[in-house]
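The structure under discussion appears below in the form of structure tokens.
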Amino acid sequence: MTVVTVSGQPGTRTRDIGRLAAERLGIDYIDQEILVEAARTLGVPMETVVPFDEERATSLGDRLATMLRRFLERSAAAGAADPLMGAGGLDIVLGRTYAEAAQVGMQEVSDERYLATLTDIIRDLAAHDNVLIIGRGSQVILKDQPGAVHVLLVAPLEHRVQALAAWQGLSHEAAAKRVHDSQKGRASFHHTLFKIDVDDPALYHLTLNTARESMELAAQIIADVTLQLAQRQPG
């Protein structure tokens with residue numbers, strides 16, 4: 001069983017490094033965009049959904065769609081309120097930016113309902129194992145998950161600004177603003193919902209300074225550490 005969470009400061013190329021690490025480990029890569037895309041396939045009332053043929057769920061998108069359908073079915077069976085299939089749907093809930101999710105009293109879904117939704121989905125992902133999950137509080141939600149490996153990517157601020165400017169063709173000022181805004185939202189999200197400092201190294205098995213390593217080497221280090229830790233797990 002392989003479960004990895006990767007959290008990264010803005011400008012550390014977290015998604016790119018995570019995707020490379022997942023490829024090296026031969027496991028699924030999940031980020032916010034992938035979850036939102038899967039949720040968009042469920043944008044119809046549950047009573048009109050034809051039962052899904054699980055044996056044919058071979059692609060990652062199919063498997064995610066199956067998982068999300070089951071989540072919605074469980075929510076409905078438990079008598080939960082129905083904002084997830086109301087205006088906007090589950091894709092909008094999952095699509096919230098860090099800053100939006102950290103705002104108190106968000107409109108469609110209460111903070112408690114949002115956190116419960118996010119927690120259930122992340123745990124469902126981990127239950128199917130062989131997955132690398134980017135951010136969204138997964139390092140906290142899965143802190144007690146047996147065998148899960150938690151990774152933090154960091155770099156000096158100026159390095160992250162310059163990297164983002166070069167990567168996305170932005171001016172230094174625009175890149176600095178984007179890093180600042182993203183960093184503020186990320187910190188607020190984790191503090192508001194989980195009461196933690198997201199960059200506290202005590203939350204992670206491994207902290208990597210991406211200013212010192214290439215993306216390829218950072219990904220390989222993550223894969224190597226994950227495999228070494230897996231060998232120490234009982235059974």
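No lab work stands behind these numbers, since they all come straight from the coordinates. None of the values given here were measured: they were computed from a predicted structure. Ideal geometry is used to build each Cβ from the backbone, glycine not excepted, and the neighbour counts take in all protein chains shown.
Straightening the chain between Ala174 and Asp129 buys 12.3 nm, computed as 0.36 nm per residue apart minus the Cα-Cα spacing.
Between Lys143 and Glu37, full extension at 0.36 nm per residue minus the direct alpha carbon distance yields a gain of 35.5 nm. Net charge of the neighbourhood of Leu118, taken over other residues with C-beta under 10 Å away and scored Lys/Arg +1, Asp/Glu -1, is +3. Expressed as a whole number of Å, what is the distance separating the alpha-carbon centroids of segment 124-148 and segment 168-235? Comparing the Cα centres of segment 168-235 and segment 124-148, I get a distance of 15 Å. Of the residues Ser138, Leu164, Leu153, the one whose Cα sits farthest toward the positive end of the charge dipole of segment 95-235, with +1 on the Cβ of Lys and Arg and -1 on the Cβ of Asp and Glu, is Leu164.
Taking amide H as placed 1.01 Å from N in the peptide plane, the amide H of Thr5 sits under 5 Å from that of Ile133, Val149, His150, Val151, each at least 5 places away or on another chain.
Under 5 Å between amide hydrogens, built in the peptide plane, is the criterion, and for Asp28 it picks out Val131, Leu132 among residues at least 5 positions away or on other chains. The alpha-carbon of Lys195 sits under 18 angstrom from the alpha-carbons of these lysines, leaving out residues fewer than 8 places away in its chain: Lys143, Lys184.
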